[in-house]
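These notes concern the structure reproduced below.
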Amino acid sequence: MVEKKDFPKKENHHEIEETKKGDQELAREVKIKKLAQEGIELFPHNVKVTHSVFDVVSDFASLSSEDFEAKKVKVITPGRIVSIRRMGRATFFHIADSRTRLQAYIRENRVGKRNYAIFSLIDIGDIISVEGLLFKTKTGELTIFADSFTFLAKCLHPLPEKWHGLQDVELRYRKRYLDLIMSPKETEVFRLRSALITSIRKFFDQRGYIEVETPMMHAIPGGAIARPFKTFHNALGIELYLRIAPELYLKELIVGGLGKVYEINRSFRNEGLSSEHNPEFTMLEFYEAYSDYKDMMDLTEELINYLSLSLLKTEEITFGEHNISLKRPWKRIKFKEALARYSGLAPSRFDDKAGIIEFAAALVPDKTPLSYGKAMDVIFDKYVKPNLIQPTFVTNPPKEVSPLAKESRDNPDEAERFELIMGGMEIANAFSELADPAEQRKRFEQQAEERKKGDEESHMIDTDYIQALEYGLPPTGGEGIGIDRLVMVFANRKSIREVILFPLLRPKQKAEGSEE
RNA sequence: GGCCCGUUAGCUCAACUGGUAGAGCAACAGACUCUUAAUCUGUGGGUUGAAGGUUCGAGUCCUUCACGGGUCACCA
């Protein structure tokens, strides 16, 4: 009987994955040794290529056999081997880049016995370049007839199965490279994401905005209501926070006279993970002097409509089981009206503050006492948000949950602010920026009271920011747009992890029994 | 964090109320010069996520833990 201690000790999962070798890894090692004996360089320093796989397919797929006969198109094309069909002295295989695949054909009497024998040591997953003339097979598939091939990198592990690909969601996120190798469709999501950000820059640059970068490490986290990550700077001996929003710095730039600024970068919030939340996420924020939240609504419509038309060539987007129309103008509804319409509560009931708080408290039994504003926020999230699929501006939320927004011209309890809801998600948040330093101080002090009561998410008092306001912030409209969520809608993905290359996952921990 | 579900070969998945852990792809050996989920013949591959428990017997039942997915709560 084998005793337990005879089994290798498990340090942790990473360790196991690095050291465990299955039969397939061992088979590849044998091949590597044989290739080394033949003097083959498996990881060369450089390589000459003429066309990518994508280039070859897009440039030559339409040519006929006669064209290839006449023109003798020669290419040197690199790619990862994704399939091999060996038939004795001839072999078909496909090489792929991140967009498409291309067939190649190698024959012993063309490359010689030795080279063909070396080719027999090639595995699926290896990266090689193939040099040869293009032709079309009898079934019409564009193919490189190999004159030679060169190893560019050896793959030491087997790839996932060719037909089903990589299905394991956890593996897809932990080893995104495998997901990208196996699923060109996933690379499309990230191409779209990149194109979207490029287009956003173009949009704002054309309108005279300048792109800026503000600090990601803040002495006082501000600009949003959220819990921060804390870190420490050794040389200065101070605690710093990863920013929860760039907002306050951007408005200081408006005070400084920059007029129109935007920033696209990460913010960090120390909150839970979900299909709509990643602790680090990408936000676009933009501020424009001499405008207000209504101007921001128009600009938002214009921006997102432009992005859809230029990237997706349509104003109609499919999102899960829904069709989302981005045709302008979009719906605009006041916060309270939305609450009444979707919660089923009569509008008059919202005047009964105690009753509303009680109603909301019942929705979240494990919460500390709610304020009136927070209570309405709870009802909004529960009843309204999931029902707003078409792009909808929800305006004039309670002032007390909007400490950085001007109060409404029509109602002192409301803020001059809107949230853009689309696909049941909050996509954007904007206000007429509060400019009165005294009023701002008062709002911060109210937030500080909330903090004292145990609400860790409430705003801290930022005296530097108040001082900036004391120099004069002109009427300014400002807005933040969650880029990840916008990409979700554009790419029709229901989980934020599908649009972030490396979403946060819990690291695999030590296996049990590994303690010394 | 709560609740529900999942974790079986490198990958994708089976395994009835507890009774010998299987298949396809991949791998290995062989045949094959227009194949394309190539085909044909043969072979190897598993501490069933981890640790305990119940049982004559556990992939299956129970407990704890790890990781993931869904959902609820907070945040964008």
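The values are calculated or read from the model by the stated rules, or taken from the named source; none is laboratory data. Predicted model, so just to flag it, every value in this text is computed and none were measured. Please note: Cβ atoms are built from the backbone with ideal geometry, for glycine as well, and neighbour counts cover all protein chains shown. Side chains included, ligands, DNA and RNA excluded: accessible areas come from the protein's heavy atoms. Shrake-Rupley method; radii C 1.70, N 1.55, O 1.52, S 1.80 Å.
How large, in Å, is region A:264-351 by the Kirkwood hydrodynamic radius built from its alpha-carbon pairs? For region A:264-351, inverting the mean 1/r across all distinct Cα pairs yields 16.6 Å. Shape verdict for region A:364-449, please, from the Cα gyration tensor: rounded (a/c under 1.5), prolate (a/b greater than b/c) or oblate. In terms of gyration-tensor shape, oblate.
Note on A:Lys138: no aspartates and glutamates have a C-alpha under 12 Å away, same-chain residues under 8 apart excluded.
The Cβ shell under 10 Å around A:Ala468 holds other residues with a net charge of -3, Lys and Arg each +1, Asp and Glu each -1. Given the rule -39500 (n - 2.57) for each run of at least 4 DSSP H residues, summed and divided by the residues of chain A, what is its mean residue ellipticity at 222 nm, to the nearest 500 deg cm²/dmol? After summing the helix terms and dividing by residue count, I get -9500 deg cm²/dmol. Normalised by residue number, the volume inside the convex hull of the Cα atoms of region A:4-165 is 157 Å³ per residue. For chain A, the spread of Cα positions along the three principal axes, ordered from largest to smallest, is 87, 69, 50 Å. Students often forget the sequence filter, so: which aspartates and glutamates lie under 20 Å Cα-Cα from A:Lys202 once same-chain residues fewer than 8 apart are removed? Candidates past the 8-residue exclusion: A:Glu211, A:Glu213, A:Glu263, A:Glu285, A:Glu288, A:Asp295, A:Asp298, A:Glu301, A:Glu302, A:Glu315, A:Glu479, A:Asp484.
Between the Cα long axis of helix A:184-206 and the first principal axis of chain A there is an angle of about 50°, rounded to the nearest 10. Over chain A, accessible surface divided per residue gives 52 Å², non-protein components excluded, 1.4 Å probe. Once the Cα-Cα distance is subtracted from the 0.36 nm per residue extended length, the A:Glu161 to A:Lys48 segment shows a gain of 37.6 nm. Accessible area of A:Asp67 (1.4 Å probe, protein heavy atoms only, ligands and nucleic acids ignored): about 60 Å². Shown here for region A:54-130: chymotrypsin sites (Phe, Trp or Tyr not before Pro) in loop regions (DSSP other than H, G, I, E, B) with at most 10 other Cβ atoms within 10 Å, of which there are none.
Can you pull the percent of chain A's accessible area that's carbon plus sulfur, 1.4 Å probe, other chains left in place? Don't jump to the answer; show the numbers that get you there.
Details: 13880 of 26860 Å².
Roughly 52 percent of what the probe reaches on chain A is carbon or sulfur.
Could you please state, rounded to a whole Å, how far the C-alpha centre of region A:176-206 is from the C-alpha centre of region A:247-270? Going from one Cα centre to the other spans 24 Å.
Qualifying trypsin sites (Lys or Arg not before Pro) in region A:368-444, where qualification requires a DSSP coil assignment and no more than 14 other C-beta atoms within 10 Å, comprise A:Arg409. Report the relative contact order of chain A, percent, no decimals, based on alpha-carbon pairs under 8 angstrom and at least 6 residues apart. Over chain A, the number comes to 13 percent. Of all lysines in the structure, the ones whose alpha carbon falls short of 25 Å from that of A:Lys382, not counting any fewer than 8 places away in one chain, are A:Lys331, A:Lys334, A:Lys336, A:Lys353, A:Lys367, A:Lys374, A:Lys399, A:Lys453, A:Lys494. Taking only the alpha carbons of region A:119-232, we obtain Rg and Dmax values of 23.0, 69 Å in that order.
Summary of the geometry: region A:106-155 and region A:452-496, compared by the centres of their Cα atoms, lie 55 Å apart. Of the residues A:Asn46, A:Cys155, A:Ser98, the one whose Cα sits farthest toward the positive end of the charge dipole of region A:4-165, with +1 on the Cβ of Lys and Arg and -1 on the Cβ of Asp and Glu, is A:Cys155.
Counting other Cβ atoms within 10 Å, keep those with at most 15, restrict to DSSP loop, and tell me which trypsin sites (Lys or Arg not before Pro) in region A:76-120 are left. Passing both the DSSP loop test and the Cβ count: A:Arg89, A:Arg99. Here the translational diffusion coefficient of region A:377-516 follows from Stokes-Einstein with Rh set to the Kirkwood radius across Cα pairs; for 4 °C and 1.567 mPa s it amounts to 73 µm²/s.
Can you tally the net charge around A:Phe268? Count Lys and Arg as +1, Asp and Glu as -1, for every other residue whose Cβ sits under 12 Å from the Cβ of A:Phe268. With Lys, Arg at +1 and Asp, Glu at -1, the neighbours total +3. Here region A:224-303 is treated as an ellipsoid with the same Cα gyration tensor; its semi-axes, largest first and in whole Å, are 27, 19, 9.
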